[in-house]
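Worksheet: the structure to be examined is printed underneath.
The values are calculated or read from the model by the stated rules, or taken from the named source; none is laboratory data. Since the model is a prediction, treat every value here as computed from it, not as a measurement. Note that we place each Cβ from the backbone using ideal geometry, even for glycine, and neighbour counts take in every protein chain shown.
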Amino acid sequence: MDPLVTKREVLDGVIAHLESAGYEVLRQPSRSTLPPFLADTRPDAVAYRDDGNLAIYVIHRNQSARPDVGALQNVFKDAQRWSAKIHFINAADLPPAVGVEEKASIEAAVEQIDRLITEQQPGIALVLGFSALEALARRNRPQFERPQNAAAVIETLTQDGRIMQDEATTLRELLDARNAFAHGGLSLTVDPEDVSRLAAILRRLVREETVETAEVA
């Protein structure tokens, strides 16, 4: 297992979460962009928001040259408007890899979403829709081999230009409902029209992947 890959996966999830919370995040900042007291700590990312800034560190527990966490925390003791956010990772804690789905399986999932909407099961359709979205992202992103934070999937597809900004806004709005329903909020009212918008995005992504495959062939 490549430790750089696992670190990137964790950092992707952390950054997506912070961006959804209103932070402006800079990955792998250069020394010249950091305040002097941070320059030697080499944060993996920094996050800016009006109420305070964060320096993010992702550290492997079994890393031979692991930073001294106590010394790192002392750097921030007298810092104004800055705090450290340290994430420890252990390869054993990571979920197993998920296989890449065939395009036909994703197409079948989109058809099932339409059936679930017709059967007045929009909550289940919503969860399935985000599963299909992740499966689509995984087909084009080898580093998505393990389960991904849904917010990270949205941000990645947006950065890759595969979904438009208005579509990304729609998906972010639906994400809270998806999370609530998937984690036991069964009484949540899910608007079928919202799920239909998700299905339309999925159909377009599948259709465009088909065109791209044909052009390559």
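Details
So that you can scan it fast, the table gives a plain yes or no per residue for (1) of a type in the set (F, W, Y); (2) within 17 Å of A200 (Cβ to Cβ); (3) without any contact (Cβ under 8 Å) to a residue 24 or more places away in the chain:
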{"site": "E102", "(1), (2), (3)": "no, no, yes"}
{"site": "I106", "(1), (2), (3)": "no, yes, no"}
{"site": "A109", "(1), (2), (3)": "no, yes, no"}
{"site": "Q112", "(1), (2), (3)": "no, yes, yes"}
{"site": "P122", "(1), (2), (3)": "no, yes, no"}
{"site": "A125", "(1), (2), (3)": "no, yes, no"}
{"site": "G129", "(1), (2), (3)": "no, yes, no"}
{"site": "A132", "(1), (2), (3)": "no, yes, no"}
{"site": "R139", "(1), (2), (3)": "no, no, no"}
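- Consider region 28-38 and keep the residues that are part of a loop (DSSP other than H, G, I, E, B) and over 22 Å from N74 (Cβ atoms). The one that is farthest from the chain's Cα centre (by Cα) is S30.
- Any hit, region 94-108, residues being at pLDDT 90 or above, out of contact with any Asp or Glu (no Cβ under 8 Å at 6 or more places or on another chain) and not in a helix (DSSP H, G or I): yes
- Residues of region 132-187 that are surrounded by fewer than 18 Cβ atoms within 10 Å (Cβ to Cβ), small (G, A, S) and part of a helix (DSSP H, G or I): A168, A180, A182.
- Of residues in region 39-63 being modelled with pLDDT under 90 and outside any loop (DSSP other than H, G, I, E, B), the one nearest to I154 (Cα to Cα): V58
- Residues in region 45-74 that are in contact with a Phe, Trp or Tyr (Cβ under 6 Å, 6 or more places away or on another chain) and under 30 Å from L175 (Cα atoms): A47, R49, N53, I59.
- For the condition within 18 Å of A79 (Cα to Cα) and touching a Leu at 6+ places or on another chain (Cβ under 8 Å), V25 does not qualify.
- Count - residues of region 66-77 that are over 21 Å from R27 (Cα atoms) and either modelled with pLDDT under 75 or not in a loop (DSSP other than H, G, I, E, B) (or both): 4
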